[in-house]
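Reviewing the structure listed below.
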Amino acid sequence: MDSIAEQQRQAYEDMERLEQAVVDLMLQKLTKHRYRLIREQKISNLLDQIQARSKLITELNLDESGLRAKEMHMMGTGFDSFYAQLDKVRAHHRRNPELSVQPPELDYIKYTRNPEEADEKRRVLEARLRDTTNVENVEIDDTELETFVSEGDMDKLETMFSGDERFGRYVDLNEQHKLYINLRGTSTISYVEYLNVCTRFGDIPAAAKDNLYVEYLRSLAAYFESYFARSMPLFDLPKAQREADEAFEKEWAERKENEMDVELFCEPCQRTFEKETTYKAHMSSRKHQKTVDRLAKSTCAKSESRVDHAKRIARLEHKVQWYVRALGSKLSDTRANVQRRQALTEDERMHELHDVDEIEYSDDADTAHAYNPLNLPLGWDGKPIPFWLYKLHGLSVTFSCEICGNSVYRGRSAYERHFQEPRHASNMRRLGIPNTRQFHGVASISEALELWARVDAEKKAEDVDNDTFEEYEDAEGNVFSKKTYFDLKRQGLI
């Protein structure tokens, strides 16, 4: 067994070699998607080894067992300990006379070789050998062509992803789509439509967010966490989870402070009212009481409080939306790919499945440095869309929304659509303004507040006018205004 000092020295040496291996991998220019994915997996594995070596060095330096201090004391006694260790080494080699020693550099040299260049050299050698020997099956010594990509890595990659994920290019939410269409308050929609609305949690009624909905959210979160581990090995998932939790707690605290919403909303009946008088009349109606009693009977067995249940659901929704933002354009790329595959014939679809290796290995080389001097939006294939299509949809015209943090939208359709999205509605609620249709098209904060003040004043004036314009008739046929009638009735004059 090596001494503790030797273990420390070996750990430091391994850390330096592992760090150099990471640098060598990062400096390689790879165009093939699979090779880049395997490289990220290798780098993640090397980083884990570096952490393990660092932990070992820390434990040895702490010396909780006291062996390191004892060993240091023995080293200071002269040459006795040195000759004792030398005898152990000689005895070991006498017992194993044919033991070969391999330099550690050979274990790390594979990280310096580019697998794409090795493939090209292998093809050239095979072609030369076939030309000289006229033999079809030629075996080549791959010792000098060994890279960090092995056959086992390629086989593992085949089983790591589903067919729809295409080795981490797209996401596969088919199982979550099945759960979604079975939820309360949702309708049966296609997979493409689901990819558009899978993160619009505000479209689902609050009364429909039961335990089945919680399981659906957990399924979404679990899938995205698994997808990060498989397709983005270097993504710091624990850090993202901490940031998501911190952001949620902050938003939840702000939501509790602004608990009084401008909109008059009845949660049991899922209805929004514009006037406070109508809202109060509804709350005292028999229909509302029946709905409340029915919901109370169905939920009386629940031990979890309503606030805790709402917070648990809000946390899961926030986490899923955080994951989707971290994925970038993966969701939109998946939607475009599904639409493209639906337009293919059966023969074209089968041909694509047979040629999946060629597609996966060649696409990136064409799109890695796409020439885009006009900064055009990218299409489903990752290439800039045609300029005529860019002008046709009016994408050259940009619109900004101050309410949404001066976000810029390309084209009138995207700008108009964003007024109905959850982000704009949430920012309107923070301003104390209901996101009704009359506020669509208002992007300035000052204009929105001014319009809301005018609308609110008109509503209050309308309530006052009702007391004047409504007429009541007494038993003798005399007609009075509403205010006069109730004043006389309280005085007992009519």
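Using the Cβ atoms and a cut-off under 15 Å, what net charge is assigned to the surroundings of Thr398, where Lys and Arg are +1 and Asp and Glu are -1?
Result for the local shell: +2.
Hey, fewest Cβ within 10 Å first, where do Glu473, Glu40 land in order?
Glu473, Glu40
Could you line up Leu27, Leu488 from fewest to most neighbouring Cβ atoms inside 10 Å?
Leu27, Leu488
Compare the peptides 30-39, 220-229, 245-254 by average per-residue count of other Cβ atoms within 10 angstrom and give them in order, highest first.
Order by mean packing, descending: 30-39, 220-229, 245-254.
Please work out how much length the chain gains when fully extended from Leu99 to Gln49, using 0.36 nm per residue of separation minus the C-alpha to C-alpha distance, in nm with one decimal.
Here the segment from Leu99 to Gln49 would lengthen by 15.3 nm.
Let's test the formula: R0 of 56 Å, r as the Cβ-Cβ distance of Arg36 and Gln420. What FRET efficiency results, to the nearest 0.05?
Once rounded, the FRET efficiency stands at 0.90.
Give me the lysines in straight-line cross-link reach of Lys482: C-alpha distance below 30 Å, same-chain residues under 8 apart excluded.
Lys275, Lys280, Lys287, Lys459, Lys460
Could you work out the local net charge near Ser226, counting Lys and Arg as +1, Asp and Glu as -1, over the other residues with Cβ closer than 12 Å to its Cβ?
Neighbourhood net charge equals -3.
At R0 = 41 Å, how high is the FRET efficiency between Leu449 and Glu473 if r is their beta carbon distance? Nearest 0.05 is fine.
0.40
At what distance in nm do the modelled label points of Lys275 and Gln7 sit from each other, each positioned 7 Å from its Cα along Cα→Cβ?
The modelled label-to-label distance comes out at 8.3 nm.
Once you list every other residue whose beta carbon is under 14 Å from the beta carbon of Arg68, what net charge do they have if Lys and Arg are +1 and Asp and Glu are -1?
-4
Which of the residue pairs Lys55/Lys319; Lys29/Lys121; Lys32/Lys110; Lys178/Lys330; Lys330/Lys383; Lys156/Lys330 have a Cα-Cα distance greater than 27 Å in the structure shown?
Lys55/Lys319
Thr436 versus Asp456, label points 7 Å from Cα toward the beta carbon: distance in nm?
Here the modelled spin labels are 1.3 nm apart.
Give the calculated FRET efficiency between Lys482 and Arg286 to the nearest 0.05, with a Förster radius of 30 Å applied to their Cβ-Cβ distance. Walk me through the numbers before you get to the answer.
Values: r = 25 Å, r/R0 = 0.82.
E(calc), rounded to 0.05, equals 0.75.
If amide hydrogens are placed 1.01 Å from N in the peptide plane, which non-local residues have theirs closer than 5 Å to the one on Ser407?
HN-HN under 5 Å from Ser407: Cys401.
Relative to the present Cα-Cα distance, how much length would full extension add between Arg218 and Arg490 at 0.36 nm per residue of separation?
91.9 nm
Sorted by average packing, counted as other Cβ atoms within 10 angstrom per residue and highest first, what order do 92-99, 55-62 take? Spell out each step's value before the answer.
Working: 92-99: 7.9, 55-62: 12.5.
Descending packing order for the listed peptides: 55-62, 92-99.
Hey, what do the phi angles of segment 178-195 turn into as Karplus ³J(HN,Hα) couplings, whole Hz, using 6.51/-1.76/1.60 and θ = phi - 60°, x for Gly and Pro?
So the Karplus estimates, Gly and Pro as x, are 5, 5, 5, 6, 9, 7, 6, x, 10, 10, 6, 10, 6, 5, 5, 5, 5, 5 Hz.
Using 7 Å Cα-to-Cβ label points, what is the Leu145/Leu67 separation (nm, one decimal)?
4.6
Laboratory data are not the source of any read-out in this text; all were calculated from the coordinates shown. All of these numbers come straight from a predicted model, not from anything done at the bench. When we count neighbours, we look across all protein chains shown, and the Cβ atoms used for this are built from the backbone with ideal geometry, even at glycine.
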